[in-house]
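Every read-out reported here was derived from the displayed coordinates using simple, explicitly stated rules and does not represent laboratory data. Bear in mind the structure is a predicted one, so any value in this text is a computation, not a measurement. Heads up, the Cβs are rebuilt from the backbone with ideal geometry, glycines too, and the neighbour counts pull from every protein chain shown.
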Amino acid sequence: MSTNQGPLLSHFANLKQQYETSQFGMWSFLLTEVLFFGGLFTGYAVYRTMYYHAFVAASLHLDIFWGTFNTAVLIASSLTMALAVHAGHAGNNKAIRNYLIWTLVLGTVFLGVKCYEYMHKWHENLIPGEHFHFPELVGHGPELFFSFYFMMTGLHAVHMIIGEVALIIFIVRAHRGRYSVQYSTPIEIMGLYWHFVDLVWIFLFPFLYLVERHH
Amino acid sequence: MSKDTPKDYYVIFAALLILTGITTGAAFMDFGYFNFPIAMIIATIKAVLVVWFFMHLRHMSKLSRIFAAGGVFWLAIMLAFTFADYLTRETLIPPKPVTWIDQSAVRQAYRESPRFEHHTSEAAPAEHH
């Protein structure tokens with residue numbers, strides 16, 4: 001833990017405290033994020049219990065291939081992010097830059113697939129609202145499912161977009177050779193955020209795509 | 001930190017991909033009530049792998065670990081108390097539920113409400129005359 005500390009700022013007692021404060025700050029933020037998404041998870045769980053059959057029927061309209069594909073893409077982006085953090089500890093700016101570019105590309109692939117899926121839902125009239133059309137079932141269950149689908153994946157996508165903007169900033173900085181063996185904490189903090197976004201998707205995937213597929 | 005090697009990350013990556021394959025495959029099999037628990041257990045294993053290795057929680061201070069555990073703890077409270085309420089509302093659970101709330105009864109009540117008539121007369125006045 002001694003390898004990764006920048007110049008000591010005056011309001012910290014020592015480098016170790018400074019480093020741990022950065023880490024701890026991001027973990028605090030992620031804690032609020034857990035409960036932010038947690039509210040949606042709880043709402044989802046309640047309505048899934050109430051309208052289970054509707055949720056099963058509606059979930060079958062999601063494309064399992066693209067869902068699984070996107071999960072793999074996001075896991076791969078987490079791998080490249082972890083490798084970027086690793087390169088950060090070695091102070092290798094070129095490797096940081098390249099791994100972050102890979103992360104950015106994979107994140108963009110994920111968002112592209114998501115766009116394609118949204119478009120598909122649009123054409124199938126599965127956007128909740130006036131033109132929502134779901135002939136297999138009466139009642140509002142399927143509409144509720146798709147409200148959760150768009151809210152959860154949408155909020156997740158917003159997090160990805162924010163993460164990508166941050167990635168671009170760090171790619172530029174790594175390109176300019178800003179990081180060293182002594183100083184790569186920002187890359188590490190970026191990594192925590194990116195892995196958390198991956199983490200949310202790990203739960204969204206079974207919630208939305210895998211409700212019940214054996215028929 | 002420097003204890004980790006890229007090889008560790010590739011191993012975790014492979015494990016995560018395999019678990020994704022397993023959870024997708026399991027969704028197509030019928031385990032009765034256990035389908036959802038299986039999916040959640042696999043997701044939790046994946047989450048622990050990400051947090052423990054990719055997010056380096058295994059190298060973090062105890063304070064950070066307590067914080068990370070706190071997220072799970074508060075989420076558990078939210079879920080537990082919410083379901084302690086919803087799952088014990090007998091009036092919402094019919095004996096053989098397709099859904100908890102009888103949709104047709106809700107719609108009927110809605111149609112009979114004055115607000116609904118007002119709404120339709122505005123939206124489609126031709127049907128009334």
Which Cα, out of B:Ala47, B:Met29, B:Ala69, lies furthest along the positive dipole direction of the stretch B:4-75 (beta carbon charges, K/R +1, D/E -1)?
B:Ala69
Between B:Ala69 and A:Thr108, what is the label-to-label distance in nm when each label sits 7 Å out along the Cα-to-Cβ direction?
4.2 nm
With θ set to phi - 60° and the Karplus curve 6.51 cos²θ - 1.76 cosθ + 1.60, what are the ³J(HN,Hα) couplings of the stretch B:60-66 in order, to the nearest whole Hz, using x for Gly and Pro?
7, 5, 4, 4, 5, 5, 4
Average beta carbon contacts from partner chains per residue of A:14-27, 10 Å cutoff:
2
Checking understanding here: applying a Kyte-Doolittle mean of at least 0.0 and a length along the axis of at least 27 Å (C-alpha), which whole DSSP H helices in chain A pass?
A:15-50, A:64-89, A:93-123, A:141-175, A:185-209
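Arranged from highest to lowest average of other beta-carbon atoms within 10 Å per residue, in what order do the peptides A:61-74, A:181-194, A:164-177 appear?
Per-residue mean Cβ counts within 10 Å order the peptides as A:181-194, A:61-74, A:164-177.
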I need A:Ser78, A:Ser28, A:Ser10, A:Ser22 ordered by Cβ neighbour count within 10 Å, fewest first.
A:Ser10, A:Ser28, A:Ser22, A:Ser78
Links that overshoot a 24 Å alpha carbon limit, given the list A:Lys94/B:Lys62; A:Lys16/B:Lys62; A:Lys16/B:Lys46
A:Lys94/B:Lys62; A:Lys16/B:Lys46
Quote the convex hull volume per residue of the protein assembly as shown, based on C-alpha atoms, as a whole number of Å³.
174 Å³
Contact order relative to length for chain A, counting C-alpha pairs under 8 Å separated by 6 or more residues, stands in percent at 36 percent
Picking from A:Trp102, A:Pro7, A:His175, whose Cα lies most toward the positive end of the charge dipole for chain A (charges on Cβ: Lys, Arg +1; Asp, Glu -1)?
A:Pro7
Between A:Met119 and A:His214, take the C-beta separation as r, use R0 = 30 Å, and let me know the FRET efficiency to the nearest 0.05.
0.60
Net charge dipole size for the protein assembly as shown [Lys, Arg +1 and Asp, Glu -1 on Cβ; Debye, nearest 20]
1540 debye
